[in-house]
């Protein structure tokens, strides 16, 4: 059947999917941007649980219940802080998407929504980050058994346009 990749512009905290992905920091204890919004919307139980997870390494992923969010789970992944693009950032960013999807697939989840990881305070150049995300998702899609739908959820028009461009570029290759 194959996996469907969809682009939408919305608040990821509003989505009714099996899992949303949180662009978390290494502590998993909440922060700014999408991380803060997810923690705020999920409620205090999320923070209480995350205190016991002992953080998360960059490029890796961990899963928790979604508590007060409309989705079932939150997959927390830690994107790289952008330095110069030659310090392993592209591989680490690709791993965020791949490891989140592997975790979702292992849990037999069918739908997963991603924000633009590392594009906020972590300073990843938007166009490059969007291209890496689309390539990583496309690359791993053939090995996924359960995940049927991946949503790229852009919070702003700027991110939406960058992902649209990345999807167009990927289809040409």
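Throughout, read-outs are computed from the coordinates displayed, never taken from laboratory work. Model, not experiment: these values are computed from the prediction. Methodologically, a virtual Cβ is constructed for each residue, glycine included, from the backbone with ideal geometry; neighbour enumeration extends over all protein chains shown.
Of all the criteria given as (1) part of a loop (DSSP other than H, G, I, E, B); (2) in contact (Cβ under 8 Å) with a residue 60 or more places away in the chain, the one not satisfied by residue 87 is (2). The condition of being surrounded by 14 or more Cβ atoms within 10 Å (Cβ to Cβ), assigned to a helix (DSSP H, G or I) and free of Cβ contacts under 8 Å to residues at least 60 places away in the same chain holds for only one of 62, 102, that being 102. If the condition is being under 22 Å from residue 25 (Cα atoms) and under 14 Å from the mean Cα position of the chain (by Cα), then region 151-173 contributes 151, 152, 153, 154, 155, 159.
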